[in-house]
Amino acid sequence: MTDPSDEAKQIEKLYEFGERLNEAKDKSQNVKDYEGIIEAAKTSLKAKQLAAQLIPRFFKFFPDLSSRAVDAHLDLIEEEELGVRVQAIRGLPLFCKDTPEYLSKIVDILVQLLAAEEIVERDAVHKALMSLLRQDVKASLTALFKHIGSVDEPSTDEFIREKVLSFIRDKVFPLKAELLKPQEEMERHITDLIKKSLEDVTGAEFRMFMDFLKSLSLFGEKAPTERMKELIGIIEGQADLDAQFNVSDADHIDRLISCLYMALPFFLRGASGSKFLNYLNKHIIPVFDKLPEERKLDLLKALAEISPYTTPQDSRQILPSVAVLLKKYMPLRKTGGEEMNFTYVECLLYTFHHLAHKAPNATNSLCGYKIVTGQPSDRLGEDFSDCYKDFTERLTTVEDLTRATMKKLTQGLADHNKEMAAAKTDEAKEKIVSLFLEIVCSFCGMIYF
């Protein structure tokens, strides 16, 4: 432990060094004073705290001592005493104020300190990083995103990577209006950084980044269609639409459906869904029966939502596959013993309607509905009466089942209300409600006849 009198002398010496440097017109001549400050960083506790303030303050005037100064300061960051560490962390941004070449290194140091356990220390790290972002947002963001990693430069420490992601999400993204200036240049820069990072992210991370990109003016309401195409391209890459589909790859199925839903707002704004539709048509719909049961409905809903925004060409290509699937789930009454999933049929009918509206001359060969467009593809000279009969019978079956189901639900609701009125206790009412919900779910799901 340092003798109090020695510590007082060390502090006094440090103040002398600092005062002479403050008063000097050409501070670079006071090499001995700055060397004294660096050496003081190895002495008593209070001297270390004061040195943590003085080393970065006069750092720019002594380039020949830069390595010694930085090393001494880093030693202070590793001190056992919390007060010394915090003071040293607070001083880190000053190293870059007039010597920007040190910014990347200082960001790297602060990134490692994001794992600090003490709240006050972690808070100091956050403030130091924000200070650097305000000094030079472009260089600071570049240095930060380096720790998220990409395929070319993977992150070496998953724990630190998560800390950096949390910092960017919680501290940087909310202040985008303040930090990203000049706006267009910096929004483009952070977009490019994010795009590189998206090569290796989790689903939650991808959604976080996409939500942020959507919030930028670069991709705002007035953004041209090309910008929407850029976002769709990002989502297509995440969906891995160039890969051969494996129906047993549950992760790819989940990612594909998630990306399809994520892309919907951009289809509404003019972006093309051709690549998604072609992939669904070629790889997914042919093996629809083999998909996990819990994802079939998600896929049909997504397909229904995209259908109003398809091009005539895309509609014409995928319509036959949708028609086959629709007929599969609209059974003929005469066959008996089949099952009817109202939700599937609803989605498929909605999809079929919108696709057929975009490609009307395709309906004759698919279901016998003749719509004259004047094109050879109308196929008006061919007989599709059997198709028409089959399709209308299936539609009639759907109508009959719907009517019967509505009648049962109406009666069930009336019975439910009577039982609720007769119930004497809350427990009895809860049982009645639970039973009624089970009945409703069975009607709204799979109906057997």
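The values are calculated or read from the model by the stated rules, or taken from the named source; none is laboratory data. What you see is a predicted model; the values in this text were computed from it and never measured. All Cβ positions, glycine included, derive from the backbone under ideal geometry; neighbour counts span all protein chains shown. What goes into the accessible areas is simple: the full protein's heavy atoms, side chains included, and nothing from ligands, DNA or RNA. Shrake-Rupley method; radii C 1.70, N 1.55, O 1.52, S 1.80 Å.
The value of relative contact order for the chain, using C-alpha pairs under 8 Å at least six residues apart, is 7 percent. Averaging over all projection directions, the Cα-based convex hull of region 71-210 occupies 8.6 nm² in the image plane. The listed peptides 86-94, 41-49, 267-275, ordered by packing as a protection proxy, come out as 86-94, 41-49, 267-275 (highest mean of other Cβ atoms within 10 Å first).
Taking a label point 7 Å from the Cα of residue 45 along the Cα→Cβ vector, which residues of region 62-91 have an amide N closer than 13 Å to it? Only 80-85 pass the distance filter.
Placing +1 on each Lys and Arg Cβ and -1 on each Asp and Glu Cβ, with no other charges, gives the chain a dipole about its Cα centre of roughly 1680 debye. Of the accessible area of the chain, computed with a 1.4 Å probe over protein heavy atoms only, carbon and sulfur atoms account for 52 percent.
Each other residue within a Cβ distance under 15 Å of residue 69 adds +1 if Lys or Arg and -1 if Asp or Glu, for a net charge of +1. Summed over the residues of region 102-204 and divided among them, the accessible surface reaches 50 Å² per residue at a probe radius of 1.4 Å. When the square roots of the Cα gyration tensor eigenvalues are ordered a ≥ b ≥ c, the ratio a/c for region 187-287 is 1.5 or more and a/b does not exceed b/c, which makes its shape oblate.
Over 27 Å apart at the Cα level, from the set 138/196; 138/171; 176/301; 138/275; 105/222; 290/407, are 176/301; 138/275; 105/222; 290/407. Look at the alpha carbon pairs under 8 Å that are at least 6 residues apart: their mean separation over the length of region 1-135 gives a relative contact order of 18 percent.
Over the chain, the reciprocal of the mean inverse Cα-Cα separation, the Kirkwood hydrodynamic radius, stands at 27.9 Å. Suppose we flag GluC sites (Glu not before Pro) only when DSSP calls them loop and at most 14 other Cβ atoms lie within 10 Å. Which is the longest uninterrupted stretch of the chain? The longest such stretch corresponds to 222-337. Annotation for residue 157 and residue 423: the two label points, set 7 Å from Cα along the Cα-Cβ direction, are 5.7 nm apart. Above 15 Å, the calculated P(r) of region 136-223 contains 57 percent of its Cα-Cα pairs. With 5 Å bins beginning at zero, the pair-distance distribution over Cα atoms of region 1-135 amounts to 2, 11, 21, 22, 20, 14, 8, 2, 0 %.
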